[in-house]
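A.B. asks: One structure coming up, written as structure tokens, with questions to follow.
The values are calculated or read from the model by the stated rules, or taken from the named source; none is laboratory data. Given the structure is predicted, the values throughout are model-derived calculations rather than measurements. Positions of Cβ are generated from backbone atoms using ideal geometry, with glycine treated the same way; all protein chains shown enter the neighbour counts. Accessible surface is based on the protein model in full, side chains and every heavy atom, while ligands, DNA and RNA are left aside. Shrake-Rupley method; radii C 1.70, N 1.55, O 1.52, S 1.80 Å.
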Amino acid sequence: MAEYTGFGLAVKTKLLGPPTKTQAWLVKEVRAATGLYVDNAYISKILTGQRDAPKIVQAIRDILELPEQN
């Protein structure tokens, strides 16, 4: 099992709330924000660093109000 990146840990921590939200909720929000097809597996690959998707990462940052990382 792949380990989460710093970004992935920040996302998972934010989803744990409060209020608690699921990764499935995040998938729906990212689809709505970007118009792109993403699923749980793709989001997981982004959170573990197996995929690089700047547009989706930015959408996740915006949705969860996460600060930019250097």
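A.B. asks: Quick test for you: out of GLY35, GLY49, pick the one residue that is more than 12 Å from the chain's Cα centre (by Cα) and small (Gly, Ala, Ser). Outline the logic, then answer.
C.D. replies: On the way: GLY49 fails: more than 12 Å from the chain's Cα centre (by Cα).
Step by step, each of GLY35, GLY49 is checked, and only GLY35 is more than 12 Å from the chain's Cα centre (by Cα) and small (Gly, Ala, Ser).
A.B. asks: Considering only residues that are more than 12 Å from ARG61 (Cβ to Cβ), modelled with pLDDT of 95 or more and open to solvent by less than 90 Å² (accessible area, probe 1.4 Å), which ones fall in segment 14-28?
C.D. replies: LEU15, LYS21, THR22, GLN23, ALA24, TRP25, VAL27
A.B. asks: A follow-up question, please. I need every pair where a residue in segment 38-55 that is free of Cβ contacts under 8 Å to residues at least 60 places away in the same chain has its Cβ under 6 Å from the Cβ of a residue that is among the aliphatic types (A, V, I, L, M) and part of a loop (DSSP other than H, G, I, E, B), sequence separation at least 6 or different chains.
C.D. replies: From residues that are free of Cβ contacts under 8 Å to residues at least 60 places away in the same chain, the pairs are ILE46/ALA53; THR48/ALA2.
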